[in-house]
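Structure, as structure tokens:
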Amino acid sequence: QKDGSQRLLESFNSDDKEHTHTLTKTKAEPYTSEKEMVLEERESPLNSNITVFALKAKVIYPINQKFRPLADGSSNPSLHENPKQAVLPNQVEETSTSGSLGSLSQEDKEDCSSSTTIHSTTSDDRFQARAFLKVTSFPEVLTCESFDVKLCLCSLILKDLTCLDTELRKEKHVMFTQVLKIYLRDFCRKKKITEDLFKKILLIQENDFEELQKQLDSRLQNTEISGARNSEYQTLEDLERKEREYSEHVIDNMEAFWKQTDKAQQAFLDQSKCSSAKATKMRMDLTEKMIAVESLLSESQDLWAMDIQERLFSWEFMVKMIDSLKSYIPEECKGRLNIVSNILDRLTVKSNLSVRQKEELLTDLHKTFWEQLAHLSNECVQQSKDLILKRLEGRAKKKEEFRHRQEAERENLLSKTFLSEDVNNFLKAYHELIETHWQAQWELEEEDDFESTKTVADLYKELYSKASHALAELVKELFLQTLPAVTGLSVKECELLKEEWQQNLVPQLKKWESRRQRHWKLFQEQLLQEKEV
């Protein structure tokens, strides 16, 4: 079972008593250790004598066999088989027309991982095989109806880490080429090597590095293609395979890179006129500088990797805000309808309405309202997708502008002439320039993520207003037009019933708001705990 905090976050239908009990449990037990979770599983209702026997016997059955033989020769459904159907990719984005805006029942929620944690209540194999949407940027997650939002966000984090790794390796290649160029030019100026040899060694080095990059790009592309069974969805298994193959290819590329640097230095030694001692000193100096480069880039990688992980929590916060707005609309509307139902129940007790009349009135009211809400919700989702698409197009244009401007700045710095005694100054200047470029792109993405979230939030606030207004109009029609004709009550009496509905709504709205604030506070506390870990 999930711990109390998670159940509270997912359940919006439980009564106040259940909320109070869960909150108390959460404060007393904010964490559930892995050992405790295992013990809970062993103490579950499935832990019958038969289960114990099967576990101790370690009998292996065919994976798809529905009924497994027991010790007494009888048969029983699989003890470990989940009777629910696995969620198919095309079922992930279904939107409920009952007004739930895609919300699950509590039972179904417990069968899926939530949007704020990655724990699985089913077997590891099924978890590994669960399909979730492929996303390339955070704003896409805001319009995603998948119940594996956390997996989508983690896949984006891995994407950011991959981009960071690529940029750092590119920076290292450029730095080595430039440092080699500085030392070779120094020898050329002192007539130790010819101008032609100087250009030849550099050209060979640049061509070799370019060929290495082409090989890596080709391998990574093949890895991407081999796992693309479905272009729209991926599984955790796909992601892990891709990451594993990526790391293998990158390690091979790194080894090849250092072999190429040795090759370049050997070419210099073989063809230069300088003494062995000077050539060795140059190699030692070059090695020393590249060790400094590795240290510089390693420190930068650690800092940026931490920032990328911090971004995950910022994303989760924004996703939760949108999810809260989505769930708030149907939940509050259900509450408003319940107040109407209570008033009609009282009329039934007083014999102003028959039970059948009451049921018909409620059925018509529910059917009409939920159909209207479904229509309004679909419009809202489509508007969200259109606006996100427009913002992503704008982001792509800005990033392209950034790329051209940053490329010009890099070329300008690399075109400057540095002497051997200026190597440290060059390394510092180039690294600071790359850091500035990365920071500018980072801030662009963060600002756009925030603005995209704000845009979608505004659309759902507008949906809330429309839904509330639509329901109010239907209730007004029920009390002022339908009830006088059905019950024989005067219009004045029916107006009083409508006013009663509005008065009863006020304390309920405060109660729902208080409950929502408790949920939100608990979510923030849990997110902070995860962040500290």
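The values are calculated or read from the model by the stated rules, or taken from the named source; none is laboratory data. From a predicted model like this one, the values you see are computed outputs, not experimental measurements. Cβ: placed from backbone, ideal geometry, glycine included. Neighbour counts: every protein chain shown. These area figures cover heavy atoms from the full protein model, side chains too; ligands, DNA and RNA do not enter into them. Shrake-Rupley method; radii C 1.70, N 1.55, O 1.52, S 1.80 Å.
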P(r) for segment 249-370: what percent of alpha-carbon pairs falls in each 5 Å bin, starting at zero?
2, 8, 9, 9, 8, 6, 5, 5, 4, 4, 4, 4, 4, 4, 4, 4, 4, 4, 3, 2, 2, 1, 0
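Quick one: with all protein chains in place, what share of the accessible area of segment 277-532 is carbon or sulfur, to the nearest percent (1.4 Å probe)?
52 percent
Taking a threshold of 26 Å on the Cα-Cα distance, which of the pairs Lys190/Lys259; Lys150/Lys466; Lys190/Lys263; Lys461/Lys492; Lys172/Lys390 fall above it? Please list the in-between numbers first.
On the way: Lys190/Lys259 28 Å; Lys150/Lys466 30 Å; Lys190/Lys263 23 Å; Lys461/Lys492 34 Å; Lys172/Lys390 36 Å.
Listed pairs above 26 Å: Lys190/Lys259; Lys150/Lys466; Lys461/Lys492; Lys172/Lys390.
For segment 277-532, give the magnitude of the charge dipole about the Cα centre (Cβ charges: +1 Lys/Arg, -1 Asp/Glu; no others), in debye to the nearest 20.
Roughly 860 debye, rounded to the nearest 20.
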Can you figure out the FRET efficiency of Leu202 with Glu145, using R₀ = 60 Å and their beta-carbon distance, to the nearest 0.05?
0.65
Rounded to the nearest 10 Å², the accessible area of Lys170 using a 1.4 Å probe with every protein chain kept is 100 Å²
On a C-alpha basis, how far is the centre of segment 513-531 from the centre of segment 274-304 in Å? Whole number, if you could?
49 Å
Segment 277-532: C-alpha gyration tensor shape, a/c 1.5 cut-off, then a/b vs b/c:
prolate
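For segment 271-335, compute the orientation-averaged projected area of the C-alpha convex hull (one quarter of its surface), in nm². Can you show the working numbers first?
On the way: hull surface 27.3 nm².
Quarter of the Cα hull surface area: 6.8 nm².
How many Å² of accessible area per residue for segment 315-472, probe 1.4 Å? Don't jump to the answer; show the numbers that get you there.
Numbers: 8350 Å² over 158 residues.
Here the per-residue accessible area is 53 Å².
Of the cross-linked pairs Lys170/Lys200; Lys350/Lys511; Lys334/Lys476, which ones have a Cα-Cα span greater than 20 Å in the structure shown? Before the final figure, lay out the partial values.
On the way: Lys170/Lys200 22 Å; Lys350/Lys511 29 Å; Lys334/Lys476 16 Å.
Exceeds cut-off: Lys170/Lys200; Lys350/Lys511.
Give the value in nm², to one decimal: projected area of the alpha carbon convex hull of segment 369-497, averaged over all directions.
11.5 nm²
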For segment 152-220, what does the alpha-carbon gyration tensor say about shape, rounded, prolate or oblate, given a ≥ b ≥ c as the root eigenvalues, a/c under 1.5 as rounded, and a/b over b/c as prolate?
oblate
